[in-house]
1. For B:Asp186 paired with A:Lys246, estimate the spin-label separation in nm (one decimal), with each label point 7 Å from Cα along the Cα-to-Cβ line.
2. GNM on chain B, C-alpha springs below 10 Å: top fluctuator among B:Ala328, B:Ala72, B:Ala195?
3. Given 25 °C and 0.890 mPa s, how large is the Stokes-Einstein diffusion coefficient of the range A:32-162 in µm²/s, with Rh as the Kirkwood radius over Cα pairs?
4. At B:Ile14 and B:Leu126, where each label point lies 7 Å from the Cα along Cα→Cβ, what is the point-to-point distance in nanometres?
5. Could you order A:Met101, A:Met130, B:Met144 so the one with the most accessible surface comes first? Probe is 1.4 Å.
6. Name the residues of the range B:257-275, by number, that are at least 40 Å² less accessible with every protein chain in place than in the isolated chain; the surface is that of heavy atoms, probe 1.4 Å, without ligands or nucleic acids.
7. How about the range A:71-125: which GluC sites (Glu not before Pro) there are in a DSSP loop, with at most 10 other Cβ atoms within 10 Å of their Cβ?
8. For a quick check, take a GNM of chain B with Cα springs below 10 Å and name the residue from B:Val203, B:Val17, B:Val160 with the largest mean-square fluctuation.
Amino acid sequence: MKYFLLLLSVFVITHGAPALAAGDAEPPPEMHWSFSGPFGTYDRAALQRGFQVYKQVCAACHSMDLKSYRNLAALGYNEDEIKAIAAEYTVEDGPNDEGEMFERPARPSDRFKNPYPNDAAAKYANNGAMPPDLSLITKARHNGANYVHGILTGYEEAPADTELMSGQYYNRYMAGHVIAMAPPLSDGVVGYEDGTDGTVEQYAKDVTQFLVWAAEPEMEERKRTGIKVILFLLVFTGIMYAVKRKIWADAH
Amino acid sequence: MGSGERKPFENPAIEWVDSRLPIFTLINKEYGVFPTPKNFNYFWNFGAIATVMLVLMILTGITLAMHYTPHADYAFESVERIMRDVNFGWLIRYMHANGASFFFIAVYIHIFRGLYYGSYKQPRELLWILGVVILLLMMATAFMGYVLPWGQMSFWGATVITNLFSAIPLVGDDIVTLLWGGFSVDNPTLNRFFALHYLLPFVLVGVVGLHVWALHVTGSNNPLGIDTKGPQDTLPFHPYYTMKDTFGILVFLIIYVAFTFFMPNSLGHPDNYIPADPLVTPAHIVPEWYFLPFYAILRAITFDVGIPFTDIVFVEAKLGGVLAMFGAIALLVALPFLDKHPARSARFRPWFKIAVLVLVLDFFILMVCGGKPAEGLWVPLAQVATLYYYAFFLVLIPLFNKFEPRLDLPPSIHEAVLSCCSKKKQCCSHPTEAA
Ligand code: HEM
C-alpha cells in the first residue's frame, strides 16, 4: 500500500505537469464554489442569474450547441417558463409538406440557438477569431471554473511594452495575455431581478457557475451516487476484512 | 481435463453436468483446492484486480458501443449524448475512461511484483512473456480507445503516434497509409480503430486465459522466491485467497470509485473536450499518463546514430526513438534469459533489490519527463533516465549474474514463516504479512 500511495502521488505530480507548461499566463485566483468538494451542489439562484448573463451577453457571440431549452428545467424553471424562453427565438425547420423550409418559434426540445449561421460567419464577425462553443468550456480548460472566472475579470491596461492590434485585448489569465474577446462584462449591463448586485465580479461568478452546470449537468447526481457507492464499498470491505482475518487466523 | 478420475458431486444437477462436461471439477481443481503458497503479501492481489478491471472494461465498453457513433462528424457529439441523455451514461463513460487508468495501475504494480520477486525466472518464462503480450495488447487497445471520443487529443495523439511508423525504412509510409486508411487521420482511421478497439479486448481475454493456464502449470511464485516443497507450504486457494483477493479488490475499487465519481476528469486531458480540428494543433500534445514513460524514451533519442565526424548515419533520430521505445518493452521479453542469478526474490539479492527500486524511480522520472515539453533540462534528464532503463537490463543484470552475492535462502516457506514468527513478533500479529 505504501507503494500504491507513492504511485498515486506521482500521478498527481505528472498530471499537473502539462498544466504548468501550458503557457506564460499566471494561474487564475482560486474561488470558493458551492459546487466544489464531494458534497458540493449548484446554487439554483446563481444558475438562473448566470443563465441570464449568458442569454443577454455571451449568447451574442457564443453558441452552446449541446444544450436544449428543456435542460433549463434543472435550473428550477417550470415548463411554461421554458416554453416562453424558447419562444423568444426563431429557428428554421422543414421541409414541410410542400418541400419548403420555414421559420417557427423555438420549442423546449430545440438546441440553444446559435448566434451565427456557420463558423465562417462567426469568425468574420469577430475579426477572424472564433468564439468557442461554451457547452464544455469549463471542462476544456485546466482548472476550468477558476479559469473562466479569471478570464472574465482579468482584463487590464496592456503594459507599455505590449503592442495590441485592433480587436485585441490584454488579459492577465489568457495564455500569451492577448485575447480577441472584448471585455464582455461591465457593471450594470444585466439587470438582476432578485436584487443581487450587478457587478462584473458577480456576473462573472454567476455565469461561470452556469457554464460549469452546462458542462457537467450530472454533477450533483454523480456525487450523490458516489457517496452511496463509497459507503457501500467501505462496509463491504470492512466485512471482507473481518472474514479474511477469521479465515486466516488458523493458517499458521 | 476430461479423462482421469473424477470425484462425484453430491448435488445431482451438478453431478449430471460434471459427468458430461467436468467444468465443476475444473473450477474446483484450479480455484478451489489449488495449492497456493501461504506466504503471499498484498502484491499478489493485483492479478485478480487486473482481471476484474478487464471484465469491467468489457462490460462498460459494450454498453458504450450501443450508443456510440464511430463517425468523424458524430463521434464527439455521440459521446456527449452518452454523458447527457443516456440513462447513467455519464457513469458508464466515466467508469470506462477511469477504468483504463486503473487497469494500467493494477497491471504496472503486477509487473513490478514480478520483477521484484523474480517471477519471470525459470520455470515461469513463458508466463512472463505472455504477460508482456498482455501489456502490448492493452496499450494498443487503450491507444485506439482514446481516439474514439474524437477530441483534440484523440486526433493529434493518433496523428503523432501513427506517424511514428513512417520512420521504419522502406515500408514505413505504406504502414502509415494502411493505419490511416487514407492520407491523414480521418474518418476511415476512426472506423478501423473502433473495430479494433472492440476486437482486441477479446483477444486480451484469450491471452489472459493462456497466462492463467501457464500459471496453473508452474504454480505461483511467492515473496521468498523459493519453490513450494509440500502441503505444509501451501493453502487451498479457496477460501484463503478467494477471501483475501476479494478484500484487496474492494480496497482497489474504493480508490477507483473515488476517482470515477469525484474527479472523473483528473487523469484525462482538458483538450479532449474540444472537438477534433485538423487545422488547429494543440500547444502540447501529450498521451495518456500510462504512456508517458515510453513517450519520454521515444523523445529522448534526439540524435542520429552514425559514424562520428562523418555524414554517415545508420539510424536517424526518429527511427532511433521508435526503436528505443519498442526496445524498452522487448527488454522485458528478454529479461528471463538475461537474468541468470540463482535467487529469484530481491529479498535475497541485495544489489538487485536496489537496482530494481531505482528502476521504479526511473520509470516515474520518465513519466514526468514524458508530460513536459521536450525542451530545456527535461531532455537530458529523459536521456539519463532512458540510459538507466537500458543499463539495468543490459549492464547491471549481467554484472549481477557474475558478482552479486546471494543471501542464504530459507529451507522452505513453512520454516521461514515459523522462524520469522519466533524472531520478530510483529510478523505474527498480522499473519498475511508473515514471510
Ligand atoms: C482492455 C480493455 C479496454 C481498454 C483499456 C479501453 C480503453 C478505452 C479508452 C482509454 C477510451 C477513451 C475514454 C475517453 O477518454 O473517453 C475508450 C473509449 C471507448 N471504448 Fe474502450 N477500452 C477497453 C475495452 C472496450 C470494449 C470491450 C469495448 C466494447 C466495444 C469498448 C468500447 C469503447 C467505446 C465505444 C469508447 C468511446 C466512448 C468514450 O470515449 O467514452 N472498450 N476505451
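1. 6.5
2. Comparing B:Ala328, B:Ala72, B:Ala195 in the GNM, the peak value goes to B:Ala195.
3. 143
4. Taking the simple label geometry, B:Ile14 and B:Leu126 are separated by 3.2 nm.
5. A:Met101, A:Met130, B:Met144
6. Listed in order, they are B:Val257, B:Phe261, B:Phe262, B:Pro270, B:Tyr273.
7. A:Glu98, A:Glu100
8. B:Val17
The values are calculated or read from the model by the stated rules, or taken from the named source; none is laboratory data. Source: prediction; values computed, not measured. In this analysis, Cβ positions are derived from the backbone assuming ideal geometry, glycine residues included, and neighbour counts consider all displayed protein chains. The area values use the complete protein model at the heavy-atom level, side chains included, leaving out ligands, DNA and RNA. Shrake-Rupley method; radii C 1.70, N 1.55, O 1.52, S 1.80 Å.
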